[in-house]
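Heads up: the structure comes next, in structure tokens.
No value in this document is a laboratory result; all are computed from the given coordinates. What you are looking at is a predicted structure, and each value in this text was computed from that prediction instead of being measured. Reconstructed Cβ throughout: ideal geometry from the backbone, glycine too, with neighbour counts over all protein chains shown.
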Amino acid sequence: MTEKNNNAGAAPALAAVKGMNDILPPLSAQWEWLEDKIRSLMVRHAYRNIRTPIVEPTALFVRSLGEVTDIVEKEMYSFEDRLNGEQLTLRPENTAGVVRAVVEHSMLYDGGKRLYYMGPMFRHERPQRGRYRQFHQIGAEALGFPGPDVDAEIIVLADALWRELGLADVRLEINSLGQPDERRQHRAKLIAYLERHSDLLDEEARRRLHTNPLRILDTKNPAMQAMVEGAPPLIDFLGEASLAHFNGVKAMLEANGIAYRINPRLVRGMDYYNLTVFEFVTDRLGSQGTICAGGRYDYLIGQIGGKPAPAVGWALGVERVLELLRQQGADVPPPSPDCYAIVPDASAIPQVLRTLRVLRDAGVSVQMHASTQAGQGSMKSQFKKADGSGARHALIFGGEELAAGEVTVKSLRDGQGTQERLPLEQAAAWAPRLRA
Ligand code: ATP
Ligand code: MG
């Protein structure tokens, strides 16, 4: 546990775990705004929401991601259940969990499914900008569909999101990893090439040379870049069917006006991918420039014990997308209430609450001036709070108004301070005028 001792004498204050962040207002409004956009977009593309547990059996990730991957080798938060000794892991990603659920509930019995999820993921990485230990992903998965049309559909879906968010400077990189037998042939040639340049390999690359040589291609070590660029490209080993699939995806992207760059070194961090892989990247976030990544994983469902079925999906990093939005000065609406209720005399609160209930039921958002230790606060301080809240109207529940069965509605935005008195009994009728 992390402790910060900054209040001498009192119990030491506790702080959040390193690399795990609190998401506070007003920033949390940006998260909700993004989540709302995603929900609407997913509905329009007929992707349905799935929610799976945050904790899964460790074996699920070892089996699906592969033993020789960054995540399984060094990033998982794994622990033993104290009560029954089960090996458990906080999910580092959610494709494995979705596939586990799809298999467990035989969700593909009546055909393919299009699903999406949002939620926290956990990886023990070195925290830095755009890289956290608890971070959030939004993902889309289309399971049970073999064709390049669905690869294109799911890429088009991500692209639609960037357009909707107004994100610029995001580019698409794609590649094909072919099929396992094609990869095996490439692998032999790749290992031979890397062995010829073994003097240039760093320690991690040496370790992976015979277990996961493909991963060496996406090394971030600048000293290895030039050597790696000369390696035999996987695409040269693809057979006719794999090439046809890749060409199909490309043609459909072109038909949609989606620009892409083929990156022969794009290999992705998990073992489960085949055929199409892709990333959306930006230069604006330094070395954490990948905001969304995915690909086809036709063998994973079978690997996890289900009846083999093809699938394709992507996941985006919420923190990175929001960071990019902020950098571009995106116009995220701040969460201001429609009205601020000013209550000079606390004895009126029961009646005020009754009226606020009617307004809120009618969809008006109202922030009420809460009582303070000294009382209800002067009119002046209440008006100051009303202004600070960003509300467009002040509702003044003064003694005189209440005696007449009315409330004063004063505009806080039009500069003239226009005001009118409205009958409490008819609140439901005039409420819509106060809504944003
Ligand atoms: P990277 O190469 O940056 O480590 P990755 O290949 O491990 O990324 P994926 O597992 O493909 O990432 O996850 C999909 C997306 O989730 C990434 O493109 C990124 O936007 C986001 N992401 C991954 N790890 C983190 C993290 N530790 N903190 C914040 N976002 C992350
Ligand atoms: Mg990573």
Original post:
Hey, what does the equivalent ellipsoid look like for the chain, semi-axes from the Cα gyration tensor as sqrt of 5 times each eigenvalue, largest first, whole Å?
Top reply: 53, 25, 21
**OP:** At a Cα cut-off below 18 Å, give the lysines reachable from LYS385, other chains included and same-chain residues fewer than 8 away excluded.
**Re:** LYS410
Original post:
Of the peptides 190-196, 118-124, how do they stack up when ordered by the mean number of other Cβ atoms within 10 Å, highest first?
Top reply: 118-124, 190-196
Original post:
Does segment 339-434 come out rounded, prolate or oblate, given a ≥ b ≥ c as the square roots of the eigenvalues of its C-alpha gyration tensor, rounded meaning a/c under 1.5 and, failing that, prolate meaning a/b above b/c?
Top reply: rounded
Original post:
Say the dipole of the chain comes from +1 at the beta carbon of Lys and Arg and -1 at that of Asp and Glu; which of VAL62, THR282, PHE145 then lies farthest toward its positive end?
Top reply: THR282
Original post:
Spin-label point model (7 Å from Cα, Cβ direction): what's the ILE54 to ARG357 distance in nm?
Top reply: 3.5 nm
**OP:** Pull out the extension gain between ALA29 and LYS384, defined as 0.36 nm times the separation in residues minus the alpha carbon to alpha carbon distance; nm, one decimal.
**Re:** 125.5 nm
Subject >> Under 22 Å from the Cα of LYS74 - lysines, other chains or at least 8 residues apart >> reply: LYS18, LYS220
**OP:** Starting from the Cα of LYS37, step 7 Å along the direction of its Cβ; do the same at VAL68; then give the gap between the two resulting points in nm.
**Re:** 4.0 nm
**OP:** Order these peptides, 266-272, 339-345, by their mean beta-carbon neighbour count within 10 angstrom, highest first.
**Re:** 339-345, 266-272
**OP:** Using per-residue counts of other Cβ atoms within 10 Å, averaged over each peptide, order 206-217, 287-298 from highest down.
**Re:** 287-298, 206-217
**OP:** Taking only Cα atoms and a 10 Å spring cutoff, compute GNM fluctuations for the chain and point out the largest among ALA374, ALA251, ALA46.
**Re:** ALA374
Original post:
Each label point is 7 Å from the Cα along the Cα-to-Cβ direction; what then is the distance between the points at ARG184 and ALA404, in nm?
Top reply: 8.9 nm
Subject >> Rounded FRET efficiency, nearest 0.05, which uses the C-beta distance separating PHE79 from ASP345 and R0 of 51 Å >> reply: 0.35
Subject >> For the chain: relative contact order, % (alpha-carbon pairs under 8 angstrom, 6 or more apart) >> reply: 14 percent
